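Student: Can you read through this structure? Questions will come right after.
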């Protein structure tokens, strides 16, 4: 699973934290920055899972990631920028999972079912990422809301494709795609609320 490999990578990154010294005998500056960014994104997910976006602070992120405040602000403009980066990373993972599931099937209908099923299993296996992506993104600022709306529109577009396919059945309503996705998001939000 993509997330498992990423978490293993994050663990290795943490173990190597003491050797993050740029220079002739260390890592290149770009590599150090990439490792630090990865650690801060993982720390953001952990902090969001524990306390939510409203209580997220830069101090929580840097203490978990074991980086300085200067390092944080060298990479991110503010906590919303950091959250947006984590959100975009989760969306990227979800796209890969959904696309692979979709492409394994021979028909649009089965592809959509498979993709949605895989996304739900991903969210079930990674409740912190699900909370970040579905619930906490609603409170994370205008740029995150815009990114969330674009991702939702992308999913609606995939589901809408099926309306144009010839079938013997009655054509689904124009609201079908939004209804399906709204149901999925509501289910994830309800599950999150029950787990508190």
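What follows draws every value from the coordinates through simple rules; no lab data is involved. The structure presented is a predicted model; accordingly, all values stated were derived computationally and were not measured. Reconstructed Cβ throughout: ideal geometry from the backbone, glycine too, with neighbour counts over all protein chains shown.
Student: If you wrap a convex hull around the Cα atoms of segment 28-77, how much volume per residue is inside, in Å³?
Tutor: Taking only Cα atoms, segment 28-77 has a hull volume of 61 Å³ per residue.
Student: In which sequence would 81, 153 go, from the one with the fewest C-beta neighbours within 10 Å to the one with the most?
Tutor: 153, 81
Student: What are the principal axis extents of the Cα atoms in segment 77-126, in Å, biggest first?
Tutor: Here the spans come out as 44, 18, 12 Å, largest first.
Student: For each of 152, 83, count neighbouring Cβ atoms within 10 Å of the residue's Cβ, then give the residues from fewest to most.
Tutor: 152, 83
Student: Find the percent of Cα-Cα distances in segment 92-152 that exceed 15 Å, and round it to a whole number.
Tutor: Of the Cα pairs, 55 percent sit more than 15 Å apart.
Student: Between residue 49 and residue 117, how many nm apart are label points set 7 Å from Cα along the C-beta direction?
Tutor: The modelled label-to-label distance comes out at 2.6 nm.
Student: When the scattering of segment 58-164 is computed by the Debye formula from its Cα atoms alone, each counted once and equally, what is log10 I(q)/I(0) at q = 0.12, 0.16, 0.18 Å⁻¹?
Tutor: For segment 58-164 at q = 0.12, 0.16, 0.18 Å⁻¹, log10 I(q)/I(0) is -0.50, -0.78, -0.92.
Student: Then there's this: Only counting other Cβ atoms within 10 Å, I'd like 68, 106, 114, 137 sorted with the fewest neighbours first.
Tutor: 106, 68, 114, 137
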